[in-house]
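In what follows, a structure is listed as structure tokens, so that the remarks can point back to it.
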Amino acid sequence: MQTIVELQEVYKIYTLGVQKIFALNGVNLKIERGEFIAIMGPSGSGKSTLLNMIGCLDKPTKGRVLIEGTDTSQLSDDELTKLRRDTIGFVFQQYNLIPTLTALENVELPMIFRGLNAERRERKAKELLEKVGLKEEIDRKPTELSGGQQQRVAIARALSNDPAILLCDEPTGNLDTKSGEVIMEILTNLNKEGVTVIVVTHDPAVSEFAQRIVRIRDGKILAES
């Protein structure tokens, strides 16, 4: 197996007056290519901070984060942006879709930043929306879609640049049980196709889809199962 993500003695420390808050406290973690990982912990445990480190949205106070063997602390802001764009897809609890754009246009957006021409963008966006079961909804705007459908658009958008890693922060948090199961089945199928899936969740039903569960509390990894 090839390690795709590695955290080495990672600390994230915030200073409030004379007090130091350890959002992450000496985290060591390896994730292999093609794994499906669930990160679990109570509110304030550091799980979202951990996800932000893996996604290169935040930098550690101390320690190293390696993505596909690259030490992200050595990269410039432009290089980090390129790494995120080309390697990592993000799925958030709030969907983060642009309300004035259709489902198709939302999925096309990251490909515009990458420089794909209009014909290739449209073809690929349609393929991705069909993949997540939204072939008939490509011209609808987010307000015309259910929560589950919006999350499926968000997943299609996250896949638009063929990421090796898909990071999902409470992807079923705003959904009913049935819609949540549909989302988790989509993520499972993507994982079977080779995408490394990392899900932050507090829901035991979501964690059952994962191959490995990483439990975090007070910024420390307590256990892996």
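Since every read-out is calculated from the coordinates, none of them should be taken as a lab result. Quantities reported herein were computed from a predicted structural model and do not represent experimental measurements. Backbone-built Cβ (ideal geometry, glycine too); neighbour counts: all protein chains shown.
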>> 5 Å is the cut-off here: which amide hydrogens, built 1.01 Å from N in the peptide plane, fall below it relative to L166, excluding neighbours closer than 5 in sequence?
In response: G89, T196, V197, I198
>> Straight-line reach from K135: which lysines fall under 25 Å, measuring Cα to Cα and dropping same-chain residues less than 8 apart?
In response: K124, K126, K178, K192
>> Out of all DSSP beta bridges in the range 3-224, what portion is antiparallel? Express it as a percent rounded to 5.
In response: 55
>> Highest mean first, how do 24-33, 65-74 rank when packing is the count of other Cβ atoms within 10 Å averaged over residues?
In response: 24-33, 65-74
> Rounded to the nearest 20 Debye, what is the dipole magnitude of the chain about its Cα centre when Lys and Arg each give +1 and Asp and Glu each give -1 at the C-beta?
Replying inline: 420
> Once Lys and Arg get +1 and Asp and Glu get -1 on their Cβ, which of A205, G147, T177 lies farthest toward the positive end of the dipole of the range 99-211?
Replying inline: G147
>> Whole percent per 10 Å bin, from 0 to the bin with the longest distance: what is P(r) over all C-alpha pairs of the range 3-113?
In response: 12, 38, 33, 15, 2
>> Take A205 and S43, extend 7 Å from each Cα along the Cα→Cβ direction, and tell me the distance between the two endpoints in nm.
In response: 2.0
> Considering amide H positions built from the backbone, and no H for Pro or chain starts, which residues 5 or more places from G26, or on another chain, come under 5 Å of its amide H?
Replying inline: V10, Y11, K12
> For I21 and R114 in the same chain, what is the full-extension length gain: residue separation times 0.36 nm, less their Cα-Cα distance, in nm?
Replying inline: 29.7 nm
